[in-house]
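Written out below as structure tokens is the structure these notes cover.
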Amino acid sequence: MKMSEFILLVAGMAVVTYVPRWLPLALLAGRQLPRWLTEWLELIPAAILGALLAPTLFATSEPRQLDFFRPELLAAIPTFLVAMKTRSLAGTVVAGMAAFWLAGTV
Amino acid sequence: MNVMDNQKQSGVVADGLRAAWPICFGYFPIGLAFGVLAGNAGLGPWEILLLAALVFAGGSQFIAVAMITAGVSALPIIVTTFMVNLRHLLMSSALSVHLRGARGRFLAAYAYGVTDESFAVNMARFREGGWDRWRALVVNQAANLVWIVCCVAGTWAGRFVPPKAFGIDYALTAMFICLLVFQLRSRLMIVTAVLSGLFSILFYVVLPGSVYVVAASLVAATVGFALRRRRDRRRRVSDENV
């Protein structure tokens, strides 16, 4: 890839990355939202986290297939329990790393 | 500016950094890995700096490097990036509830740092209370800076870090698990998250690309919303019957 094309590529990527992040803030932050919309938006964080996590835990990436015997899933069980018990982000991250490290050596 | 203001500001920065550290920790191996891959694809440190600083989106940066390596031209890479980043429309919409009244310039700076990670951390903090948009902005920018540094450092240092050392590859997954636990405050939230996970796996296996996150989140949040409406209606009806 030539330098001029690379600059064009980065500029284009920057625009299509920034606009979806900025547009809802610019449109929505200044106004009172209708109740149905805030009620729907309240569910978005739980939905996004579920959607981000599930394939990591339950599927392989290449090819994309269901897989229930992954170290990612095995390590998720103690990680989840530590999160429930301690409600500490730092503690959970450290526990998760340790669990994944152990799961990889089994 | 008097001493009070100074103390208040250092409190904001310290709070933001304390909240941001799990993200920074998780970015470390991913950023380094990106630097190595991009270096192998023929990108120099300056090009990697440009890419990480202007795009700042882990997933699309990896996809871009893979496509550059495959000899794909700029336009398809840009279109793919757009698709991958559509989920941020949802995240910024949810964040906007907590940024009411902020000025245009603040929102423009804030938008730069909206990622899966900063979104999840800041939403949990806003929910707990005692959190404001300036602390949230510190989280965004700190994570941002660490990401850029790690990406560039990866071109030199990445090859010395053994893969899978200390389970560090799992840091972000563990963080997301914990943040999900924080979100599960009602039965409706649990149902929504489980549904979203199921749809996400289904779409992940069936559909190409990365539409699975957006598609699953939209469907699950809408089903959750419908369930809530139905529950509220039933409650109203049973109240009237009493």
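Computed from the coordinates by the stated procedures, all read-outs in this text should not be read as laboratory data. Please read these numbers as outputs of a predicted model, since none were measured by experiment. Note that we place each Cβ from the backbone using ideal geometry, even for glycine, and neighbour counts take in every protein chain shown.
Structural remarks
- Ranked B:Met91, A:Met13, B:Met189, B:Met83, criterion: other C-beta atoms within 10 Å, fewest first: B:Met83, B:Met189, B:Met91, A:Met13
- Taking the number of Cβ atoms within 10 Å of each Cβ as an exposure proxy, the fewest-first ranking of A:Thr56, B:Thr192 is A:Thr56, B:Thr192.
- Ranked A:Lys85, A:Lys2, criterion: other C-beta atoms within 10 Å, fewest first: A:Lys2, A:Lys85
- Over the protein assembly as shown, the fraction of Cα-Cα pairs per 10 Å bin, rounded to whole percents and listed from the shortest bin up, is 5, 23, 34, 25, 9, 2, 1, 0.
- Averaging the sequence gap over all C-alpha pairs within less than 8 Å and six or more residues apart, then dividing by the number of residues, gives chain A a relative contact order of 15 percent.
- On the principal axes of its alpha-carbon atoms, the range B:3-167 has extents of 52, 34, 28 Å, going from largest to smallest.
- Value of Rg to Rh for the range B:88-233 (Rh from inverse mean 1/r over Cα pairs, i.e. Kirkwood): 1.01
- In terms of overall dimensions, the C-alpha atoms belonging to the range B:184-242 reach 52, 18, 12 Å along their principal axes, ordered largest to smallest.
- A crude spin-label estimate for the pair B:Ala157 and A:Ser61, with each label 7 Å from Cα along the Cβ direction, gives 2.1 nm.
- Residue-averaged beta-carbon neighbours from other chains (10 angstrom radius) around A:31-44: 6
- Taking every alpha-carbon pair under 8 Å whose residues sit at least 6 apart, chain B reaches a relative contact order of 31 percent.
- Estimated translational diffusion coefficient (Stokes-Einstein, Kirkwood radius over Cα pairs, 37 °C, 0.692 mPa s) of the range A:12-66: 232 µm² per second.
- Using alpha-carbon coordinates, inclination of helix B:45-55 to the longest axis of chain B, degrees: 20 degrees
- Mean Cα-pair separation over length for the range B:121-242, i.e. relative contact order, pairs under 8 Å, 6 or more apart, %: 18 percent
- Counting every pair of alpha carbons in chain A, the share spaced more than 25 Å apart comes to 52 percent.
- Per-residue ellipticity at 222 nm, computed for the protein assembly as shown from helices alone with -39500 (n - 2.57) per DSSP H run of at least four residues, works out to -26500 deg cm²/dmol.
- Of the peptides B:144-150, A:43-49, the ranking by mean beta-carbon count within 10 Å, highest at the top, reads A:43-49, B:144-150.
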